[in-house]
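The values are calculated or read from the model by the stated rules, or taken from the named source; none is laboratory data. Quick caveat, the model's predicted, so the values are computed rather than measured. Note: ideal-geometry Cβ built from the backbone for every residue, glycine included; neighbour counts use all protein chains shown. Heavy atoms of the whole protein, side chains included, go into the accessibility calculation; ligands, DNA and RNA do not. Shrake-Rupley method; radii C 1.70, N 1.55, O 1.52, S 1.80 Å.
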Amino acid sequence: QVQLVESGGGLVQAGGSLGLSCAASGSMLSIGDMGWYRQTPGEQRDLVAKITRGGRTNYAESVKGRFTISRDNVKNTVYLEMNSLKPEDTAVYLCNAANRWTPSTNYWGKGTLVTVSS
């Protein structure tokens, strides 16, 4: 019913920048919090950043000052601007969105690979 489509992943050199976007679509769509998670092979999925409909943000300590999350509530789209990228940022980045009225209901994108070379 709800689809999340990510775009923007790719290969970038350390110190460079990359922007990700994720658009949610579906019938009777009502999206609450949105965010980005990342996962490396064999590792758990960790929060990178999230943002409420009102624009309140939370960031993982490892990305504070380097990444910026934003959203467009009309487009149901969340963005992640990644600057000063490090090789340790390499991961599959997954878009997440919560149902506005039942926040425990979460939707996930398929993920987009970000590779940071040294």
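In plain terms, the chain from Val5 to Glu61 could stretch by 17.6 nm, reckoned as 0.36 nm per residue minus the Cα-Cα distance.
Summed over the residues of region 63-118 and divided among them, the accessible surface reaches 52 Å² per residue at a probe radius of 1.4 Å. A simple count of charges around Val63, restricted to other residues whose Cβ falls under 13 Å of its Cβ and scoring Lys, Arg +1 and Asp, Glu -1, yields 0. Of the residues Lys110, Lys64, Lys50, the one with the largest accessible area comes first in the ranking Lys110, Lys64, Lys50, computed with a 1.4 Å probe on protein heavy atoms. Computed over region 32-71, the Cα gyration tensor eigenvalues convert (square root of 5λ each) into semi-axes of 20, 12, 7 Å, ordered from largest to smallest. Rg and Dmax, both from the Cα atoms of region 1-61 and both in Å, are 13.7, 41. Between Ser30, Ser84, Leu113, the Cα set farthest toward the positive side of the dipole of the chain (charges on each charged residue's Cβ, about the Cα centre) is that of Ser30. For the chain, the spherically averaged projection of the C-alpha convex hull amounts to 7.0 nm².
Apolar share of the accessible surface for the chain: 48 percent from carbon plus sulfur atoms, 1.4 Å probe.
Using DSSP, restrict attention to beta bridges with both residues in the chain and report what percent are antiparallel, rounded to the nearest 5. Among the beta bridges of the chain, antiparallel pairing accounts for roughly 90 percent.
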